[in-house]
Every structure is written in C-alpha cells, then in structure tokens.
Amino acid sequence: MFKKLRGDIGCILERDPAARSAWEVLTCYPGLHAIYIHKLSRWLWLNHLRWLGRFTSNLGRWLTGIEIHPGAKIGCCVFIDHGMGVVIGETAEVGDGCTIYQGVTLGGTSLYRGEKRHPTLGEGVVVGAGAKVLGGFLVGNGARIGSNAVVVKEVPAGATVVGIPGRLVEDPNIKQAERFAAYAVVQEHDDPYAKAIQSLVEQSKELERVVAALQEKLSSMEKDQQREQLRAVK
C-alpha cells in the first residue's frame with residue numbers, strides 16, 4: 001500500500017513542475033485523493049456492497065470534483081492533474097502511467113447494461129484538458145489526445161489525435177523519443193487540416209496578386225490606347 005502510494009506521489013513529482021515536495025502532493029493534490037477514494041469504493045463494489053461503493057464514490061466527487069465510477073479500473077501511477085470536472089465511467093479502464101487533465105470525460109455512447117461502453121486507455125496515454133473520449137474502444141499505449149478533442153473511434157499506439165471529431169496529426173509508425181507531453185501538446189507537428197487551409201490561403205493571396213497585376217496591365221493598355229486615339233484625332 002505505502003509502496004504504491006510512494007510510486008503515485010513520485011509520478012506526480014516527475015510530471016508536474018509545480019509540485020515541490022511529497023508532503024505537498026499528499027495533502028494538496030485532489031487527483032491523488034480521488035484515486036485513493038476510488039480504491040476504497042472499488043473494493044466495496046467488488047465485494048457486492050454496490051450502494052456503499054457508489055456512495056463512497058459520490059463523497060469523492062464532492063471532495064475532489066472528480067467523478068470515478070467504482071466499476072472503473074484504474075492502473076498504477078495514474079496522474080489526474082487539477083482534475084475538476086473529470087468523469088470516468090463504469091466500464092472505463094485506465095492503464096498504468098496515464099495522465100488525465102481537468103474536464104476530461106471517458107464516457108459511453110451505449111445505454112445497454114453489461115457491455116463495454118467506455119474506453120480503455122493503454123499505458124502512458126495523455127488526455128488533454130476538456131477532451132471527450134466516448135465509446136468502448138482502445139486508445140493505444142503512449143497515445144495523446146489533444147485538449148478539447150472529441151474521440152469516438154480507436155486510436156493507434158503512439159498516435160496524437162486533435163479536433164472535433166478527433167483526427168490523427170502524426171504517423172504512429174514514426175519512432176519518437178519517449179517523453180511526457182503536458183496537455184498532450186506535441187511540438188513541431190502541425191495539423192494537416194490547418195496546413196491545407198494555410199496552403200489555400202497562400203494560393204488565394206497569390207491569385208489576388210496575379211489578378212491585381214493583370215488589372216494594372218489592362219488599365220495601362222487602355223490608357224495607351226486612349227492616348228493613341230487622341231493623337232489620331234489631332
């Protein structure tokens with residue numbers, strides 16, 4: 001128990017530059033508190049004390065602003081940063097070493113009981129603030145979900161997804177140095193949609209320059225023609 005607690009505190013110290021000491025993390029980080037309240041509520045849930053498990057989960061939501069259903073599976077060294085407004089559904093699974101920021105929803109799109117309704121996050125997944133991951137699919141190991149993205153289908157391991165609906169912005173087959181990305185922000189990787197729009201804007205500007213040059217040339221030709229006509233009349 002204490003070994004796991006030390007590991008959870010250590011992962012927060014590693015990923016959050018604002019954390020200055022283990023005591024600060026232990027006493028001031030609601031994400032850590034929510035995880036350990038969830039451990040209690042899940043133990044009650046698995047031992048058929050379903051109402052008490054839900055009640056304990058609800059107390060955790062009041063205290064931390066983080067709602068984790070007691071049926072959800074949470075791995076070790078999971079860091080819920082800030083955490084206010086995070087919702088993790090009943091059949092969700094969060095792998096070891098994941099990082100989840102405020103306002104994230106791991107939700108379901110089905111109303112049928114007994115089936116896998118919520119997503120599974122692999123190991124080391126980062127989910128940015130405000131992102132919604134909806135459905136019973138897998139988000140692969142090391143994937144990154146950008147802030148405010150809405151993801152409704154499977155994400156390959158190592159991929160980065162942004163936008164509404166979520167779309168890939170980098171090739172998961174490209175090997176990268178393993179590093180933590182706060183809020184799932186990836187430097188030096190542009191959204192292909194944004195690049196395409198930028199290209200269209202640049203083409204539009206070039207067309208405007210060409211049209212302006214043609215208009216200037218036509219105007220010059222008209223003036224020359226008018227001068228020639230005046231000379232002919234004289």
Handout entry: Extension gain, V152 back to W43 (0.36 nm per residue minus Cα-Cα distance, nm)
Key = 36.2 nm
Exercise for the section: Please report the base-10 log of the normalised intensity I(q)/I(0) for the stretch 78-161, using a Debye sum with one equal scatterer per alpha carbon and no solvent, at each q in 0.11, 0.24 (1/Å). Expected result: -0.23, -1.13
Practice task
Considering only protein heavy atoms, with the full assembly of protein chains and a 1.4 angstrom probe, order L63, L214, L134, L49 by accessible area, largest first.
Solution key: L63, L214, L49, L134
Problem - Gain in span if fully extended, W23 to K217, counting 0.36 nm per residue against the direct Cα distance - result: 62.3 nm
Fill in the blank from the handout: Checking V210, V201, V94 against a Gaussian network model of the chain (alpha-carbon springs below 10 Å), the top fluctuating residue turns out to be V210
Practice task
Whole Å is fine, so just give me how far the alpha carbon centre of the stretch 13-61 lies from that of the stretch 146-168.
Solution key: 27
Handout entry: Accessible carbon and sulfur surface of the stretch 1-107 relative to its total accessible area, %, 1.4 Å
Key = 63
Handout entry: 10 Å Cβ shell holding at most 12 others, DSSP loop, GluC sites (Glu not before Pro): longest site-free stretch of the chain
Key = 1-114
Handout entry: Cα lying deepest toward the dipole's positive end in the chain, options S219, V152, G107, charges on Cβ
Key = G107
Fill in the blank from the handout: If one builds a Gaussian network model of the chain from Cα atoms under 10 Å apart, the most fluctuating residue listed among A212, A149, A131 is A212
Practice task
Note the full-extension length gain between R227 and R54 as 0.36 nm times their separation in residues minus their Cα-Cα distance, in nm to one decimal.
Solution key: 53.2 nm
Handout entry: Shape parameters for the chain, alpha-carbon atoms, Rg then Dmax in Å
Key = 27.3, 110
Exercise for the section: Work out the length of the dipole vector of the stretch 6-161 about its Cα centre, built from +1 on the beta-carbon of each Lys and Arg and -1 on the beta-carbon of each Asp and Glu, and round it to the nearest 20 debye. Expected result: 400
Problem - Sparse-neighbourhood loop sites, trypsin sites (Lys or Arg not before Pro) in the stretch 1-105 - DSSP loop, at most 15 other Cβ within 10 angstrom - result: R20
Handout entry: Computed log₁₀ I(q)/I(0) - Debye formula, equal Cα scatterers, no solvent, the stretch 29-140, q 0.11, 0.15 Å⁻¹
Key = -0.29, -0.55
Completion exercise
Using alpha carbon positions and the Kirkwood radius, the Rg to Rh ratio of the stretch 85-133 is 0.97
Exercise for the section: Take every Cα pair under 8 Å in the chain that's 6+ residues apart, average their separations, divide by the length, and report that relative contact order as a whole percent. Expected result: 10
Handout entry: Dipole axis of the stretch 4-126 (+1 Lys, Arg; -1 Asp, Glu on Cβ), positive-most option in A19, G71, H118
Key = G71
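The values are calculated or read from the model by the stated rules, or taken from the named source; none is laboratory data. Computed from a prediction, not measured in an experiment: that's the story for all the values here. Glycine also receives a Cβ, built like all others from the backbone with ideal geometry; neighbour counts cover every protein chain displayed. Ligands, DNA and RNA are stripped out before the accessible areas are found, and what is left, the full protein with its side chains, is counted by its heavy atoms. Shrake-Rupley method; radii C 1.70, N 1.55, O 1.52, S 1.80 Å.
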